[in-house]
Amino acid sequence: MMKKYIFIALALTPFFVKAQSAARDYTNDVLWQQTSGEYRALCFQAYNFARLSLKEALWTDTSKKPNCVIVDIDETVLDNSSFQGHEIKKGLSYNPTDWTEWTNLAQADTVPGALAFLKFAASKNIETFYLSNRDEKDYSATLKNLQKFGFPYADDAHLLVSKGTSNKEPRRQKIAETHNILMLCGDNLSDFSNVFYRENKNTAEQVNTNQNLFGVKYIILPNPMYGDWEKPLYQGENLSDKDKAKQRLERLKSY
């Protein structure tokens, strides 16, 4: 009987390996976010800086508009690493149907430090706008997830999701019409400004140019799992995961 089970296992192994190799292996990325003390420390560090910088911004504030902060949602206030783990175990990189299933569960945990910081902001009469590129179909579940933890200003007036575009600039400008934006928090440079990825400029140079804003007006959270940073690595269209892996290897610096 044991030999029979061994045979079945060996027979299935090539299919399992093929499924795993078909997707990018970012197991370490997800495990780092889920288990490392360094991830939690970086999040607390980011939001500790945010609190200090927000206090300073209030001291120098002269605007007559209501004050606000803008935060991204995914990997900024809500942790989706469980979804990423689910995809890895299915041998996938990303499946939109699975993502919808995940968001509908409204089970994403909080990013360390996020809730305490936004409650602090609310105590200073600073509103929070949740600016996300989640789809409109995810709206209700997203609101439910935020409200479950008691995030301040988690309501219809302060949640802005994508309506056919991932460009956040028009939504940021809309908020700026009625509110004084003291701070922006995100895990992606596109959460702050289009200058980093959408204007065909050198991202590293733009970060250097805006270095004094980081930790002050721009609060960046760690996200090893995905982001706009990876897109410029690839050349060509309709690339397979194998093609992308080859190009990533070619882009590595070595000696």
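On a 0 to 90 degree scale, rounded to 10, what angle separates helix 114-123 from the longest Cα axis of the chain? Result, in degrees: 10.
Helix 169-178 and the longest principal axis of the C-alpha atoms of the chain enclose an angle of approximately 30°.
Each residue, T62 and S82, gets one label point 7 Å from its Cα in the Cβ direction; the gap between the two is 4.8 nm. Axis angle, to the nearest 10 degrees, between helix 241-251 and the longest C-alpha principal axis of the chain: 70 degrees.
Listed by chain and number, the lysines whose C-alpha is less than 18 Å from the C-alpha of K65, apart from same-chain residues fewer than 8 away, are K55, K124, K174, K217. Here is the link list: K168/K244; K90/K242; K90/K168; K119/K148. Which ones come out longer than 25 Å on Cα distance? Among K168/K244; K90/K242; K90/K168; K119/K148, the Cα-Cα distance tops 25 Å for K168/K244; K90/K168. For K64, the aspartates and glutamates whose Cα comes closer than 18 Å to its Cα, not counting residues fewer than 8 places off in the same chain, are E56, E127, E177. Extension gain for Q147 to N200 (0.36 nm times residue separation, less C-alpha to C-alpha distance): 15.3 nm. When a 1.4 Å probe is rolled over the protein heavy atoms, the share of accessible surface on segment 120-202 that falls to carbon and sulfur comes to 45 percent. Using a probe of 1.4 angstrom and keeping all protein chains present, the accessible surface of the chain works out to 59 square angstrom per residue.
The values are calculated or read from the model by the stated rules, or taken from the named source; none is laboratory data. This structure is a prediction, so every number in the text was calculated from the model and none was measured. Note that each Cβ is placed from the backbone with ideal geometry, even for glycine, and that neighbours are counted across all protein chains shown. The accessibility values were calculated without ligands, DNA or RNA, using every heavy atom of the protein model including side chains. Shrake-Rupley method; radii C 1.70, N 1.55, O 1.52, S 1.80 Å.
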